1. Pull up the range 136-156, narrow it to residues that are of a type in the set (A, V, I, L, M, F, W, C) and in a strand (DSSP E or B), then point me to the one that is nearest to Tyr42 (Cα to Cα).
2. Of all the residues that make up the range 163-205, how many are under 19 Å from the mean Cα position of the chain (by Cα) and aliphatic (A, V, I, L, M)?
3. What are the pairs with Cβ atoms under 6 angstrom where one residue, in the range 245-259, is farther than 17 Å from Leu341 by Cα and the other, located anywhere, is among the polar types (S, T, N, Q) and surrounded by 22 or more Cβ atoms within 10 Å (Cβ to Cβ)? Sequence gap at least six, or different chains.
4. Look at the range 68-85 and say how many of its residues are within 17 Å of Val138 (Cα to Cα) and crowded, with 20+ Cβ neighbours inside 10 Å.
5. Counting only residues that are at pLDDT below 85 and in contact with a Pro (Cβ under 9 Å, 6 or more places away or on another chain), which one in the range 302-359 is farthest from Lys288 (Cα to Cα)?
6. Among the residues of the range 43-65, which ones are in a loop (DSSP other than H, G, I, E, B) and either closer than 25 Å to Gly189 by Cα or among the aromatic types (Phe, Trp, Tyr) (or both)?
7. For the range 315-337, does any single residue satisfy the condition of being buried (at least 18 other Cβ atoms within 10 Å of the Cβ), within 28 Å of the chain's Cα centre (by Cα) and more than 20 Å from Ser386 (Cβ to Cβ)?
8. Residues that are polar (S, T, N, Q), at pLDDT below 90 and over 20 Å from the mean Cα position of the chain (by Cα), at least 3 per element: which strands (runs of 3 or more DSSP E) completely within the range 76-135 meet that?
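The values are calculated or read from the model by the stated rules, or taken from the named source; none is laboratory data. Computed from a prediction, not measured in an experiment: that's the story for all the values here. No Cβ is skipped: glycine too gets one built from the backbone with ideal geometry, and neighbour counts run over all protein chains shown.
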Amino acid sequence: MFWKAVTGGLLLALSADLLGWGAEGQEDRRGKKEVSGGATIYLGQDRAPWRPLIHTTVNLSDITSIKSTFQLRTFDPEGAMFYGDTKRGGDWFVLSLMDGVPVMQISRGGVQISVAGGPKLNDGEWHTLEVSNQGMFVLLEVDGSDQLVVGMQSQNSEEVRSGELRLALGGILIDNDRMMVQFDPKMDGCLRGGSWLNLSIPWESEVEELQPCYQDVRPGGYFTGAGFAVFNASVLSLEGGRVVRAELQGDFSQMDGTVLSIRTPGEQLTLALVTNNHTKEVTLTLGKDKLSLKAFRRLLIMFQTDSLQLVPDDDESKINTLAIGPMSRPGYLTMWTEGRLAIGGLLGEGEDSVGSQFLTGCLEKIQVQGRDLDLDLAVKHKSISSHSCPA
């Protein structure tokens, strides 16, 4: 029954309003919020990394279906979608994405299997997934085509026909070190529109309020003006000699606030790139020096030993250069090896600075030395969406 319940009935049936999570949640007698099985679920909501967003427990004897369908939309290449177990975690199943590709991990009777395959699903389109059980095999279909098949047979396991089945979305209910394949669990994505084992039981949410899914999305990091994302510059593994190249892309005329700032602990020198939605200007300050440009869609910043260059929209005729003397800016390049880098806000003094002048808008691309900067690797405010912006 474990196969038919957990792996055969894979995901929550989700359908809802375009901007909400379906039927309103209700507080049950224990103070927990109950969520309709017809909800649209945004998986990227802030919580402890491996903690499920919603979960439920059902009796195995109540399960009559061995098939589930659902829809997924995400630009995020990695994250947990669904977890199920019996025997309170003795046997378990996890469906996730890694590098945009579906991954199933199964543990049954002490035997573990991991299998990955199918198309990349992190293209921002709604994809229909169907999971069904056929004997000892579990089949995953994507948009009507067979994509992934996993079979498992163990002489040491026994068929579970009674007891409880635990289900969870967006996380797991066991220690994450039991995963055969480790991954980043939080996914900036939405689930909706399917059927879940023909069950109509409510799911339980531990968060106070479920965040909505946007009707239309585009790729990028979305900043609401409530906080920023902070990196230690030392983890960026900068290469390429004595020039650091940072590239930012988006409609800067539609943004407002601090796009980027860098500060070295113990130094007074701070670099900040600020955009003003009212004047449609972008200003870079380094200490007391300042460069101002008209808004653009792409900006290349080149940090060199003796100068700082801004190249808007790949137009070399509009290059702005700030000359830097070694005596006047002694901490200039050490920002990229010893400092902190903030995206979406102005760094203050001290490691515990809450920052200020937060950004409102969408950054479509953030690159350092030609590599995409993953906001999931930063310490960031819960309001920031790492991979999607409302269109």
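1. Among residues in the range 136-156 that are of a type in the set (A, V, I, L, M, F, W, C) and in a strand (DSSP E or B), the one nearest to Tyr42 (Cα to Cα) is Val142.
2. Qualifying residue count for the region: 6.
3. Phe252/Thr275; Met255/Thr275
4. Residues meeting the conditions: 7.
5. The qualifying residue farthest from Lys288 (Cα to Cα) is Glu351.
6. Within the range 43-65, Leu43, Gly44, Gln45, Asp46, Arg47, Ala48, Pro49, Trp50, Arg51, Pro52, Leu53 qualify.
7. yes
8. Qualifying strands (runs of 3 or more DSSP E): 127-134.
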